[in-house]
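Below you'll find the structure, written out as structure tokens, and then a few comments.
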Amino acid sequence: MKNIVILISGRGSNLEALIAARDAGNLPVNIAAVISNRPEAMGLETAQKAGIAAHFINHKAFSSREAFDAALAECIDDFSPDLVVLAGFMRILSEGFVRHYEGRLMNIHPSLLPSFPGLHTHQRALEEGVRIHGCTVHFVTPTLDHGPVIIQAAVPVLESDSEDSLSARVLRQEHLIYPQAVRWFAEDKLTLENGRVRLAAELADHAVLISPEIR
Ligand code: NHR
Ligand code: GAR
């Protein structure tokens, strides 16, 4: 079974979805550790309660991004992960770090990339007036939020939406597609070809989820 390490910065609802999928028998991985750059991250408690090693590395204690990234990589590599999963991790990672984990570093981003890379995606989607929004799981490359796409989910944007209602609708889809993407990786059903993700033949056309939900 593959080893994964999950990086978080906060609430940890995607972490919870991954743990729940594992517990339901839908995610054949060993969650070796959860690491947060913030001590107050709720997700650290969630990990502890689930009996998963939980670590905190304070980025503010390092003089540079590279120094923080080196300490982070050292902690991660103690667990020999096959895959590193960014689940609401809020620090941009340096090129050296990303190269070290090339092809085994995944992120979930709360927009339909390549639209709205970066932060405040739901607010920007509302300001832009788009009618469809969503989330993307991708492999991480040095260019922020531009790595090869694995799976996406789309939701409608409603006239009545606020940032809260829209982000909640997207988050429910995040909780479906992230365990799915990690499962495909765990089962060796994802390959990288010329900077694009190829799915195993039997999965072709399963990497898109259209949610009609209007809650
Ligand atoms: N690193 C690289 N090299 N490439 C990516 O695609 C990355 C990455 C690190 C994180 C997640 C990403 C997202 O899904 C991610 C993808 C943080 C920021 C950010 O601006 C932007 C995008 C993402 C994560 N962070 C601020 C910084 O200075 C800090 C913000 C904060 O602490 O609240 O690092 O959106
Ligand atoms: C999620 O919506 C995730 O997509 C987003 O932060 C939230 C984390 O929630 N990630 C980013 O914005 C990365 N910059 P969670 O902690 O409850 O999983």
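What is the distance in Å between the Cα centres of the stretch 164-208 and the stretch 75-147?
Their Cα centres are 13 Å away from one another.
Work out the length of the dipole vector of the chain about its Cα centre, built from +1 on the beta-carbon of each Lys and Arg and -1 on the beta-carbon of each Asp and Glu, and round it to the nearest 20 debye.
Values: 19 positive and 26 negative charges, 21 e Å.
Taking the Cα centre of the chain as origin, the dipole is about 100 debye.
Antiparallel as a % of all DSSP beta bridges within the chain, to the nearest 5?
On the way: 15 of 36 bridges.
Taking every DSSP beta bridge with both residues in the chain, the antiparallel ones total about 40 percent.
Got a sec? Charge dipole of the stretch 166-212, +1 on Cβ for Lys and Arg, -1 for Asp and Glu; which of 178, 201, 212 is way out at the positive end?
So the residue furthest toward the plus end is 212.
Only counting other Cβ atoms within 10 Å, I'd like 42, 106 sorted with the fewest neighbours first. Don't skip to the answer; put the middle values down first.
Numbers: 42 16, 106 24.
In order of increasing Cβ crowding within 10 Å: 42, 106.
For the chain, what is the calculated [θ] at 222 nm in deg cm²/dmol (nearest 500), taking -39500 (n - 2.57) for each run of four or more DSSP H residues and dividing by its residue count? If you can, show how the numbers build up before the last one.
Numbers: 6 runs with 70 residues, N = 215.
So the helix-based figure for the chain works out to -10000 deg cm²/dmol.
Using the Karplus curve 6.51 cos²θ - 1.76 cosθ + 1.60 with θ = phi - 60°, what ³J(HN,Hα) values do you get for each residue of the stretch 189-195, in whole Hz, with x for Gly and Pro?
9, 10, 10, 9, 9, 6, x
From the residues 68, 94, 56, which one has its Cα farthest along the dipole of the chain in the positive direction, the dipole being from +1 and -1 charges on Cβ of Lys/Arg and Asp/Glu about the Cα centre?
Going by the charge dipole, the pick is 56.
Taking H placed 1.01 Å from N in the peptide plane, check which residues at least 5 places from residue 86 or on another chain put their amide H under 5 Å from its amide H.
HN-HN under 5 Å from residue 86: 7, 106, 107, 108.
Could you order peptides 186-198, 166-178, 92-104 by the average number of other Cβ atoms within 10 Å of their residues, highest first?
Numbers: 186-198: 13.4, 166-178: 19.8, 92-104: 16.3.
Highest to lowest by the protection proxy: 166-178, 92-104, 186-198.
Which value results when the Cα radius of gyration for the stretch 41-158 is divided by 2.2 N^0.38 Å? Could the numbers behind the result be given before it?
Details: Rg = 15.8 Å, N = 118, 2.2 N^0.38 = 13.5 Å.
Dividing the Cα radius of gyration by 2.2 N^0.38 Å gives 1.18.
Quick one: what are the phi-derived ³J(HN,Hα) couplings along the stretch 52-67, Karplus 6.51/-1.76/1.60 with θ = phi - 60°, whole Hz, x for glycine and proline?
Values, residue by residue: 9, 4, 10, 10, 10, 10, 7, 5, 5, 7, 10, 7, 8, 4, 4, 5 Hz.
Starting from the Cα of residue 82, step 7 Å along the direction of its Cβ; do the same at residue 56; then give the gap between the two resulting points in nm.
Taking the simple label geometry, residue 82 and residue 56 are separated by 3.2 nm.
Which order results if 132, 19 are arranged by neighbouring Cβ count within 10 Å, fewest first?
Details: 132 12, 19 23.
Ordered by Cβ neighbours within 10 Å, fewest first: 132, 19.
Counting alpha carbon pairs within less than 8 Å and at least 6 residues apart, what relative contact order, in whole percent, applies to the chain?
Details: 399 pairs, mean separation 41.3, N = 215.
Relative contact order for the chain comes out at 19 percent.
Listing 46, 121 from the residue with the fewest other Cβ atoms within 10 Å to the one with the most, what is the order?
Details: 46 19, 121 24.
Least to most surrounded, the residues fall as 46, 121.
Counting pairs of Cα atoms in the chain, how many percent are more than 32 Å apart?
Values: 3201 of 23005 pairs.
So the pairs more than 32 Å apart make up 14 percent of the total in the chain.
What lysines does residue 189 reach when the alpha-carbon gap must be under 30 Å and sequence neighbours fewer than 8 apart in one chain are set aside?
2
Quote the FRET efficiency, to the nearest 0.05, computed for residue 130 versus residue 1 with a Förster distance R0 of 41 Å and r equal to the Cβ-Cβ distance. Could you put the intermediate results ahead of the total?
Working: r = 40 Å, r/R0 = 0.97.
About 0.55, to the nearest 0.05.
Each reported figure results from applying straightforward, stated rules to the coordinates on display, with no laboratory input. Bear in mind the structure is a predicted one, so any value in this text is a computation, not a measurement. Note that each Cβ is placed from the backbone with ideal geometry, even for glycine, and that neighbours are counted across all protein chains shown.
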